[in-house]
1. Looking at this structure, is Ile154 surrounded by 13 or more Cβ atoms within 10 Å (Cβ to Cβ) and away from the ligand (no atom under 16 Å from the Cβ)?
2. Given the condition open to solvent by less than 60 Å² (accessible area, probe 1.4 Å), closer than 13 Å to Ile5 by Cβ, out of contact with any Cys (no Cβ under 7 Å at 6 or more places or on another chain) and assigned to a helix (DSSP H, G or I), answer yes or no: does some residue in region 202-211 qualify?
3. Can you report the number of residues in region 112-139 which are within 14 Å of the ligand (Cβ to nearest atom) and either closer than 17 Å to His171 by Cβ or open to solvent by less than 20 Å² (accessible area, probe 1.4 Å) (or both)?
4. With the structure loaded, tell me whether Lys104 is charged (D, E, K, R), over 28 Å from Cys51 (Cβ atoms) and more than 16 Å from the ligand (Cβ to nearest atom) or whether it fails that test.
5. Among the residues of region 47-106, what is the count of those that are of a type in the set (Ser, Thr, Tyr) and either in contact with a Ser or Thr (Cβ under 8 Å, 6 or more places away or on another chain) or at positive phi (or both)?
6. Residues that are within 13 Å of the ligand (Cβ to nearest atom), closer than 25 Å to Asp57 by Cα and either surrounded by 24 or more Cβ atoms within 10 Å (Cβ to Cβ) or polar (S, T, N, Q) (or both): does region 171-182 have at least one?
7. Would you mind stating whether Ala166 is among the small types (Gly, Ala, Ser), part of a helix (DSSP H, G or I), surrounded by 12 or more Cβ atoms within 10 Å (Cβ to Cβ) and in contact with a strand residue (DSSP E or B) (Cβ under 9 Å, 6 or more places away or on another chain)?
8. When Ser141 is evaluated against the numbered criteria (1) in a loop (DSSP other than H, G, I, E, B); (2) closer than 30 Å to His81 by Cβ, which criterion, by number, is the only one it fails?
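The values are calculated or read from the model by the stated rules, or taken from the named source; none is laboratory data. A quick note: this is a predicted structure, and the numbers were derived from the prediction, not measured. A quick note on method: Cβ atoms are made from the backbone with ideal geometry, for glycine too, and the neighbour counts reach across all protein chains shown. Remember, those area values only see protein heavy atoms, side chains included, never the ligands or the DNA or RNA. Shrake-Rupley method; radii C 1.70, N 1.55, O 1.52, S 1.80 Å.
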Amino acid sequence: MKFFIDTANLDQIKEAQSLGILDGVTTNPSLMAKEGITGQDNIIAHYKAICDIVEGDVSAEVIATDFEGMIAEGEALAALHPQIVVKIPMILEGIKAIKYFSDKGIKTNCTLVFSSGQALLAAKAGATYVSPFIGRLDDVSTDGLQLIEDIRNIYDNYDYTTEILAASVRHTMHVIDCAHIGADVMTGPLSAIVGLAKHPLTDIGLAKFLADHKKGN
Ligand code: G3P
């Protein structure tokens, strides 16, 4: 399973990259605003800065919601850097845009996916990634992981090449459960990535090894 970090915070992206296990970055307008990145020039410079830090795919979301607008914005974003993936919302105009970009060989990430029907449409349009938001489904008492499982079954039935990018991951168990189900990618906060390394028995064991080594020397 690929690990993407879901943030526009450059320090966190650098920290995740320094671990050597980062496969990409996802951003969205809310994450950009959280970092205080506003204005088109700053937003574009920020995407370029992210691409300079990581080697993998970097999702950059369009703001337009009409086909022509999404095409214009998406083409400009894709031209910024070869690592940019155009992130497009799951609306009918978005499906048309995904098909357009797919035909042109431009990578897309279909975002704001909350049902398997939406995921099926994204795959048929040729999306590179589909982003089901598991945390936000959990927030409304609906099983987000069940959606990942449903999409996995549907895609496997037809060998769709669209990668399931489990998004709105909130914690380490989401990551582990996504890996059990067979999500292709997960995107989550730095805490969900580094949290995987934590175990009290590791800390206790390491402290004992070091203490015993000291005794013997
Ligand atoms: O990748 C989607 C993500 O940014 C949404 O996460 O935590 O705002 O639901 P969250």
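1. Taking the combined requirement at face value, the residue satisfies it.
2. Checking region 202-211: not a single residue is open to solvent by less than 60 Å² (accessible area, probe 1.4 Å), closer than 13 Å to Ile5 by Cβ, out of contact with any Cys (no Cβ under 7 Å at 6 or more places or on another chain) and assigned to a helix (DSSP H, G or I).
3. Number satisfying all stated conditions: 12.
4. In short, no.
5. Qualifying residue count for the region: 3.
6. Yes, some residue in region 171-182 is within 13 Å of the ligand (Cβ to nearest atom), closer than 25 Å to Asp57 by Cα and either surrounded by 24 or more Cβ atoms within 10 Å (Cβ to Cβ) or polar (S, T, N, Q) (or both).
7. In short, no.
8. Single failed check for Ser141: (2).
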